[in-house]
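Participant: Let me begin by handing over the structure; questions about it come next.
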Amino acid sequence: MKRFAFTLLELVFVLIVIGILAVLAMPNFRGHPLQDAAQQVADHIRYTQHLAMIDDKYDPSDTTWWQTRWQLTIAGTSYDLYSDRDKDGALTAGEAAVDPLTKTPIAAIDLGADYGITAITAATIAFDNMGRPYNALATIYGGLIQADTNITLSHNDGQAIITIHPETGYVSVTYP
């Protein structure tokens with residue numbers, strides 16, 4: 001007897017084999033934790049600059065208005081993004097920036113727990129209303145970044161260097 005079609009069993013077998021081959025040939029879509037962490041920090045630095053430019057803190061009646069600038073503070077393996085409204089030098093309730101996607105505060109972001117980052121160079125990066133970066137808030141114009149400022153993230157797989165350029169606040173990421 002002559003056949004002109006495949007049986008259902010043959011079709012199922014072929015589909016299973018194609019499925020197994022597709023899974024084996026598929027690349028790993030999971031991101032690299034060091035790259036993901038570096039990109040997140042760089043994005044949050046850019047977001048800090050954005051907030052500083054749209055939320056101008058200049059107040060001529062207050063001689064310490066500059067202490068309320070938007071800033072990203074890194075300590076240990078975590079960081080906070082906030083505007084120090086009460087000028088106490090620390091993040092308190094209601095001062096943290098809110099992530100526009102998740103509507104959660106960008107505070108106590110622990111890169112060690114989330115991405116396995118082992119160390120980050122401590123830094124405070126603040127921006128004025130023109131987007132210029134500062135690395136200290138000691139005086140009204142003190143701490144204006146004059147040279148490239150690097151933040152290094154260390155991971156078991158290597159390092160990522162986030163560079164903040166002077167005057168423009170342009171942020172770039174490199175992997176040495």
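Throughout, read-outs are computed from the coordinates displayed, never taken from laboratory work. Just so it is clear, the structure is predicted and the values come from calculations on it, not from any experiment. Every residue, glycine as well, gets a Cβ built from its backbone with ideal geometry; the counts of neighbours run over all protein chains shown.
Participant: Need one number: the % of Cα-Cα pairs in the range 92-176 sitting beyond the 17 Å mark.
Facilitator: Value for the range 92-176: 60 percent of Cα pairs lie more than 17 Å apart.
Participant: Based on the Kirkwood radius over alpha-carbon pairs, what value in µm²/s does the Stokes-Einstein equation return for the translational diffusion coefficient of the range 69-138 at 37 °C and 0.692 mPa s?
Facilitator: It diffuses with D of about 256 µm²/s by this estimate.
Participant: Excluding same-chain residues fewer than 8 positions from Lys57, which lysines have a Cα within less than 25 Å of its Cα?
Facilitator: Of all the lysines, those that pass the test against Lys57 - Cα under 25 Å, at least 8 places apart if same chain - are Lys87, Lys103.
Participant: Oh, and also: Roughly how tilted is helix 33-54, in degrees to the nearest 10 and between 0 and 90, from the longest Cα axis of the chain?
Facilitator: It works out to around 40 degrees.
Participant: Within the P(r) computed for the range 1-68, what percentage of the Cα pairs occupies the region above 14 Å?
Facilitator: It works out to 79 percent of all Cα pairs.
Participant: Let me ask something additional. Neighbouring Cβ atoms within 10 Å as the yardstick, rank Arg69, Arg3, Arg46 fewest first.
Facilitator: Arg3, Arg46, Arg69
Participant: Calculate, in whole percent, how much of the Cα-Cα pair population of the chain lies beyond 19 Å.
Facilitator: 63
Participant: Only Cα pairs within less than 10 Å get springs; with that Gaussian network setup on the chain, which residue of Lys57, Lys87, Lys103 has the largest fluctuation?
Facilitator: Residue with maximal mean-square fluctuation among Lys57, Lys87, Lys103: Lys103.
Participant: Same structure again: What is the spin-label model distance, in nm, from Asp59 to Ala136 if the labels are put 7 Å beyond Cα along the C-beta direction?
Facilitator: The modelled label-to-label distance comes out at 2.5 nm.
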